[in-house]
Amino acid sequence: MNLAQTLLRIALADPRRPAVHEGDRLVLDYGQWADRVARLAAAMLDGGLAPGDRVAVFMRNHPAYLEVLYAAWWAGLAVVPVNAKLHLREAQWILDHAQARWAFITPDVGAGLQAPGRTVDASGPAYDELFSLPPVPVAARAPDDLAWLFYTSGTTGKPKGVMLTHRNLMTMGLTYFVDVDAIEPEDAIVYGAPMSHGAGIYAIPHVMAGARHVVPASGGFDPAEMFELARTVGRLSMFAAPTIVKRLVDHAEATGAEGTGFKTIVYGGAPMYVADIQRALRILGQRFVQIYGQGESPMVITALPRRLLQDTQHPRYAQRLASVGFPQTPVQVRVATEDGEPLPAGGVGEVLVRGDTVMAGYWRDAEATAAALRDGWLFTGDMGSLDEDGFLTLKDRSKDVLISGGSNIYPREVEEVLLLHPAVAEAAVVGAPDPEWGEVVVAFLVARPGLQVTVEELDALCLEHIGRFKRPKRYEIVEALPKNNYGKVLKRELRERLTKSQ
Ligand code: AMP
């Protein structure tokens, strides 16, 4: 079982089928794509990489992203796609931890990244030189072989590498057709969100179906560009965090643009407010599907399909709209006590998942693996409850994470950076509710007696150490942090202060 076979079979059966677009320009058909992938795989193997080795990808969204993913799999390697918004130091840490031998970068994102083997600028001439060798056949892989190391931020401040196998991703891809949407070859997926995450993972079902892949020319998300692609390319599907959905809806409302060029917008990755999805349905129409997943069971835990989002007459429609749907086909979902004991319907506990999309474990982290995978179940760290019909409603996260614009931010990481400032004695970072971003980062700080600290200094410190999106939007200097008897900072109290002061 090798994910690359899904590309080869379409290329053999229908080589002239349009495959990859940069903006509205077709750059590759399936035959050309598979041929380039097989040559790039040859260059990787010739360049000293061996099956099982890791290849890091630290790039903006770019057509080469799709070539590198499939070439690595074709050669029997695993990919390590790194969030393009991370700081160079963070990306280097991930590359080192993953022991990746090669890295592909675009200079706007990855300049300075150093791989022990080669670092290739995928937008430059060195990349073009990698296509001169004859194509190699698809490497044999076992279902449990590593395909993708997906780094998520960890509560301890250091990211963890989620090991996703060929079986995990093959199952995820097939499940899309059952639980999310049918895909026709004329359809197109547009990469409006980072390809290192859900958007890139959804390349897999779209390759399986032989559909078109559209990488926006800007390499990022711009609502006007997206609506223009919907007009020119059409039949677009995309994965979007609630923040991105909101920006699409705002744009449509402001300009009168219609949703007709979008086939399906899959939303998830962070909580969607009921009022926001209702507005999105009103303005863009019935083209939404919700999924709930996490890196550890990518895109596959529950889904709220289009037909249920349309079923406004259902007696429990309001609750269903506020839920994340019901379990996707290949997994079992349970709400349980800390010990894993299942709770009756209505009980609030931790969400547990079991099935073929659940990760093999964390890379080189047996302790974290043992904590997350117990008795065959993945402990997601999300709190929720199941109703009698099997619909899951998320309540809160048990992990100390906040989600801003669909990106997870672990407060500890930000706190550690703020504490580097000589005038900062204590720091506590929490999320404040925000209509645009879901949550924004707010830092509460206690200054050392007699010392001054400025916002500019704190901002500069953050920009030096962590991704820009993790930087606090607001700093509150306080006399003392609220603490319990054990001296643990009461973050709930800080969050309540923020809600009250709004
Ligand atoms: P990541 O591992 O970066 O994909 O983040 C996964 C986390 O995002 C989950 O554990 C949830 O806390 C949250 N999440 C994902 N999908 C949804 C959703 N549809 N609604 C609410 N939260 C979600």
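The values are calculated or read from the model by the stated rules, or taken from the named source; none is laboratory data. Predicted model, so just to flag it, every value in this text is computed and none were measured. Ideal geometry is used to build each Cβ from the backbone, glycine not excepted, and the neighbour counts take in all protein chains shown. Ligands, DNA and RNA are excluded from the accessible area calculation, which covers all protein heavy atoms including side chains. Shrake-Rupley method; radii C 1.70, N 1.55, O 1.52, S 1.80 Å.
For segment 152-259, the mean projected area of the C-alpha convex hull, equal to one quarter of the hull surface, is 8.2 nm². Under the combined filter of DSSP loop state and at most 15 neighbouring Cβ atoms within 10 Å, segment 405-502 retains these trypsin sites (Lys or Arg not before Pro): Lys473, Lys488. By DSSP, the beta bridges lying fully in the chain are antiparallel in about 60 percent of cases.
Under 20 Å of direct C-alpha separation, and excluding same-chain neighbours fewer than eight residues apart, Lys85 reaches these aspartates and glutamates: Asp96, Asp108, Asp121, Asp222, Glu413, Glu415, Glu416, Glu436, Glu439, Asp459, Glu464.
Largest first, the extents of the alpha carbon coordinates of segment 66-111 on the three principal axes equal 29, 22, 13 Å.
Rounded to a whole number, what % of the accessible area of the chain do carbon and sulfur atoms account for, probe 1.4 Å?
51
Backbone geometry of segment 170-184 corresponds, through the Karplus equation with coefficients 6.51, -1.76 and 1.60 at θ = phi - 60°, to 3J(HN,Hα) couplings of 5, 5, 4, x, 5, 5, 3, 5, 8, 10, 10, 6, 7, 10, 9 Hz, x marking Gly and Pro. Size of the chain: Rg and Dmax of its alpha carbons, in Å, are 22.6, 74. Dipole magnitude for the chain: about 240 debye, using +1 per Lys or Arg Cβ and -1 per Asp or Glu Cβ, origin at the Cα centre.
Each principal axis of the Cα cloud of segment 148-187 was taken in turn, and the coordinate range along them, longest first, works out to 43, 18, 17 Å. Working note: Cα atoms of segment 248-344, range along each principal axis, descending, whole Å: 52, 32, 21. Only lysine pairs 8 or more places apart, or on different chains, with alpha-carbon atoms under 18 angstrom apart are counted in segment 401-501, and they number 5. List the GluC sites (Glu not before Pro) in segment 252-327 that DSSP assigns to loop (not H, G, I, E or B) and whose Cβ has at most 16 other Cβ atoms within 10 Å. Which are they? Listed in order of number, the matching sites are Glu258.
Just the number please: accessible area per residue for the chain, 1.4 Å probe, all protein chains included, in Å².
So the chain comes to 41 Å² accessible per residue, rounded to a whole number.
Residues whose amide H lies under 5 Å from that of Asn61, counting only those 5 or more places away or on a different chain, are Met195; hydrogens are built 1.01 Å from N in the peptide plane.
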